[in-house]
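Undergrad: Attaching a single structure in C-alpha cells format; questions to follow.
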Amino acid sequence: MDKIKALIDTNVLLDHLAHREGFYLDAAVIFSMVDDGQMIGIVSSLSIVNCAYVLPKHYKSGAVFGTDKDDASDVYDKQCGRFGS
C-alpha cells in the first residue's frame, strides 16, 4: 500500500518550527506522522525560503521559548530536513 503524500503548507511548517500557540500541537501531529513513516511530507521550495525569512525575525523577538535569532538556523536545518521538496 502506498503512503499518503501530503503537501505541507507554509503556515503549518511555521506553526511547528515557531511553536505558535494554538497551532503547534496540530502541526506536531503531522510531523510525528512523517517521522513515524505513516505519510510522506512534501514542502515547496518557496515554503523553505519563506521560513528562512520569517524564523530569524521570530526568534529575534524572543517569541519562541526565550531563544534568540542564532538558534533559528539550527531549528530550520533540523526540522526542514524531514521533508522532501
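Undergrad: Return the distance in nm (one decimal) between the two label points of a simple spin-label model at M33 and D2, each offset 7 Å from Cα along Cα→Cβ.
TA: 1.6
Undergrad: So what J values fall out for segment 4-16 if you push phi through Karplus, 6.51 cos²θ - 1.76 cosθ + 1.60 with θ = phi - 60°, rounded to Hz, Gly and Pro as x?
TA: Taking θ as phi minus 60°, the curve returns 5, 10, 10, 7, 8, 5, 4, 5, 5, 4, 5, 4, 6 Hz for segment 4-16.
Undergrad: Could I have the simple spin-label model distance between I40 and T10, label points 7 Å from Cα toward Cβ, reported in nm to one decimal?
TA: Taking the simple label geometry, I40 and T10 are separated by 2.5 nm.
Undergrad: A further question follows. Set the Förster radius R0 to 25 Å, insert the Cβ-Cβ distance between I48 and L25 as r into 1/(1 + (r/R0)^6), and round the FRET efficiency to 0.05. Walk me through the numbers on the way to the answer.
TA: Details: r = 23 Å, r/R0 = 0.91.
Here the calculated transfer efficiency is 0.65.
Rule-based calculations on the coordinates, nothing more; no lab input. These numbers come from a predicted model, not from an experiment. Every residue, glycine among them, receives a Cβ derived from its backbone with ideal geometry; neighbour counts consider all protein chains shown.
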